[in-house]
Amino acid sequence: MFAVRLSHRPLLAAFLGLFSSLAALPAIADAPFDTCVAQLQSQARQDGISAKVVDELLGKVSHNPTVIHLDRKQPEFTQTFAGYLNARVTDSKVAAGRELLAEHRSLLERVAHQYGVPAKYLLAFWGMETDYGRYFGKMPIVDSLTTLACNQRRSAFFSKEVIAALKMVDEGAVKPADFKGSWAGAIGNFQFLPSVFLRYAVDYDGDGKRDVWHSLPDALASAANFLKGLGWSADTRWGREVLLPKGFPYQDAGINQPRSLTDWHKLGVETAFGKPLPQDDQVQASLVIPAGYRGPAFLVYHNFHVIMDWNHSEYYALSVGYLADRIAGAAPLQKAPPVNLPRLTREEVQSLQSELTAKGFDAGQPDGILGTATRSAIRDYQQHHGMIADGYPGEEVLASLGVGDQTAASH
Ligand code: CA
């Protein structure tokens, strides 16, 4: 039965006083989920999914309260770039990627050539998503997706994913008993959502079945096909680490402020090895400074935005790009991200946002998330007060706004 009843305990306790029969209780609490499942069943039949699959998968689907708990869970602290990157791009992950590149070189080169996505990026996504297939997730997918579809927050989005998941089973891509993945419904080596599977997965080994779990040729070609569909540009890099000159106008940084490579060259931006940037009026790039002026700087190109279309996080996109370069033989960052920067609690970020907005620097909704609007507001505030305008909530900004205790955490 559905453990969702736990959250209705006070209500149930009230009913217990009124009714002598316990038998009627589950129907009261479970009705919304059952109704929602019935609607999904009807939608699935309308979409031409076989009655057998609809009955088998939605006939005994369970509400999973763990999924809702994980969906609502917010991290206690903002994550620093060093904390994120150092946990994901480890020496052992780089070494494993290099070994896999050698082991599967001919397959990777075939896929790379056919789809226009270099092997190093396929390995980097694979390493980031599942540590090269070591962990696919063990949650029953249809339970997870149905739970999210029957919850108000993102019901429409996940209802489509439920239907897509049923279509996967209907086409024989996976057996119901094996249909497992992350709590949020992501599956296989590259953690595709079912809708992404339906649109982009490829039967590359030619056995008549698209299998993103057990067939490496299928999984790699599917990831490459997805990236191609997102607009991957075959001939350009994701971005690169760069060095900035003294007195650099940090207010020009941020992914929402692209300029040509020629313009960045004129501002004195150099490669991480102190060489001049290639001058090109046509290539647009933005400067990303994920850990403030004390940390590394990156010039990012079109493919960086493609990576963010896969996962909307600058930290994620920087990690994929950096891991790809390391797998291909590049050295570690010239300027490692500082590890002793203050971490903020969500409440501190919210008060930072409120303070900025109150002082006329619009930080958007005080949601506790350091997004693009908040970083822009910090940049404007810093510039207005003669600070280095890197858009990073460093100690100087926090002290000036009276947010947090401004002591560096030993993170
Ligand atoms: Ca296949």
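Would a scan of segment 213-224 turn up a residue that is within 30 Å of Leu370 (Cβ to Cβ) and either in a helix (DSSP H, G or I) or more than 16 Å from the ligand (Cβ to nearest atom) (or both)?
There is at least one residue in segment 213-224 that is within 30 Å of Leu370 (Cβ to Cβ) and either in a helix (DSSP H, G or I) or more than 16 Å from the ligand (Cβ to nearest atom) (or both).
Which of (1) away from the ligand (no atom under 16 Å from the Cβ); (2) open to solvent by 50 Å² or more (accessible area, probe 1.4 Å); (3) not assigned by TED's automatic domain parsing to the domain that holds Ile307 is the odd one out, the single condition Gly247 does not satisfy?
(3)
Looking only at segment 203-212, filter to residues that are surrounded by 21 or more Cβ atoms within 10 Å (Cβ to Cβ) and of a type outside the set (D, E, K, R); which one of those is farthest from the ligand (Cβ to nearest atom)?
Per the criteria, the residue is Val212.
Please verify whether segment 175-197 includes one or more residues that are aromatic (Phe, Trp, Tyr), touching a Ser or Thr at 6+ places or on another chain (Cβ under 9 Å), surrounded by 22 or more Cβ atoms within 10 Å (Cβ to Cβ) and assigned to a helix (DSSP H, G or I).
Yes, because at least one residue in segment 175-197 is aromatic (Phe, Trp, Tyr), touching a Ser or Thr at 6+ places or on another chain (Cβ under 9 Å), surrounded by 22 or more Cβ atoms within 10 Å (Cβ to Cβ) and assigned to a helix (DSSP H, G or I).
Could you tell me whether Arg110 is closer than 30 Å to Ile327 by Cβ and in contact with a Ser or Thr (Cβ under 8 Å, 6 or more places away or on another chain)? Working first, answer last.
Values: closer than 30 Å to Ile327 by Cβ: yes; in contact with a Ser or Thr (Cβ under 8 Å, 6 or more places away or on another chain): no.
Taking the combined requirement at face value, the residue does not satisfy it.
For Trp183, state whether it is in contact with a strand residue (DSSP E or B) (Cβ under 7 Å, 6 or more places away or on another chain), on the phi < 0 side of the Ramachandran plot and not charged (D, E, K, R). Walk me through it before giving the result.
Working: in contact with a strand residue (DSSP E or B) (Cβ under 7 Å, 6 or more places away or on another chain): yes; on the phi < 0 side of the Ramachandran plot: yes; not charged (D, E, K, R): yes.
Considered against the rule, which asks whether it is in contact with a strand residue (DSSP E or B) (Cβ under 7 Å, 6 or more places away or on another chain), on the phi < 0 side of the Ramachandran plot and not charged (D, E, K, R), Trp183 comes out as yes.
The conditions are (1) out of contact with any Pro (no Cβ under 9 Å at 6 or more places or on another chain); (2) modelled with pLDDT of 95 or more, and Asn86 fails exactly one of them. Which is it?
Asn86 satisfies every listed condition except (1).
What helices (runs of 4 or more DSSP H) completely inside segment 296-379 contain at least 2 residues that are under 16 Å from the mean Cα position of the chain (by Cα)? Explain how you work it out, then say what you get.
Working: elements: 302-310, 314-327, 346-358.
Ranges flagged: 302-310, 314-327.
Quick check on Leu122: is it closer than 30 Å to Asn303 by Cβ, free of Cβ contacts under 8 Å to residues at least 40 places away in the same chain and assigned to a helix (DSSP H, G or I)?
Against the criterion (closer than 30 Å to Asn303 by Cβ, free of Cβ contacts under 8 Å to residues at least 40 places away in the same chain and assigned to a helix (DSSP H, G or I)), Leu122 does not qualify.
When Ser286 is evaluated against the numbered criteria (1) open to solvent by 40 Å² or more (accessible area, probe 1.4 Å); (2) among the polar types (S, T, N, Q); (3) not in a helix (DSSP H, G or I), which criterion, by number, is the only one it fails?
With (1) open to solvent by 40 Å² or more (accessible area, probe 1.4 Å); (2) among the polar types (S, T, N, Q); (3) not in a helix (DSSP H, G or I) applied to Ser286, the lone miss is (1).
Mind counting the residues in segment 350-369 that are open to solvent by less than 40 Å² (accessible area, probe 1.4 Å) and within 22 Å of Gln79 (Cβ to Cβ)? Steps first, answer last, please.
So the first thing to find is which residues in segment 350-369 are open to solvent by less than 40 Å² (accessible area, probe 1.4 Å), and the list is 352-353, 356, 361, 363-364, 368.
Add one more test, that the residue is within 22 Å of Gln79 (Cβ to Cβ), and what stays is 352-353, 356, 363-364, 368.
The total comes to 6.
Within segment 271-283, is even one residue assigned to a helix (DSSP H, G or I), touching a residue at least 24 places away in the same chain (Cβ under 8 Å) and out of contact with any Leu (no Cβ under 6 Å at 6 or more places or on another chain)?
No, segment 271-283 has no match at all.
Please go through segment 160-210 and give me each residue that is among the charged types (D, E, K, R) and under 16 Å from Glu129 (Cβ atoms), ordered by number. Break it down stepwise before answering.
Initially, segment 160-210 is screened for residues among the charged types (D, E, K, R), giving 160-161, 167, 170-171, 175, 178, 180, 199, 203, 205, 207, 209-210.
If the condition is that a residue be among the charged types (D, E, K, R) and under 16 Å from Glu129 (Cβ atoms), then Lys180 is the only one that fits.
Among the residues of segment 57-81, what is the count of those that are farther than 20 Å from Leu148 by Cβ and not β-branched (Val, Ile, Thr)?
4
For Thr236, state whether it is more than 16 Å from the ligand (Cβ to nearest atom) and open to solvent by 40 Å² or more (accessible area, probe 1.4 Å).
yes
Quick check on my filter: what residues within segment 251-270 are touching a strand residue (DSSP E or B) at 6+ places or on another chain (Cβ under 6 Å), more than 18 Å from Leu333 (Cα to Cα) and in a loop (DSSP other than H, G, I, E, B)?
Ala253
The values are calculated or read from the model by the stated rules, or taken from the named source; none is laboratory data. Computed from a predicted model, the values in this text were never measured in an experiment. So basically every Cβ, Gly included, is an ideal-geometry build from the backbone, and we count neighbours across all protein chains shown. Surface areas here come from the heavy atoms of the whole protein model, side chains and all, with no ligands, DNA or RNA. Shrake-Rupley method; radii C 1.70, N 1.55, O 1.52, S 1.80 Å.
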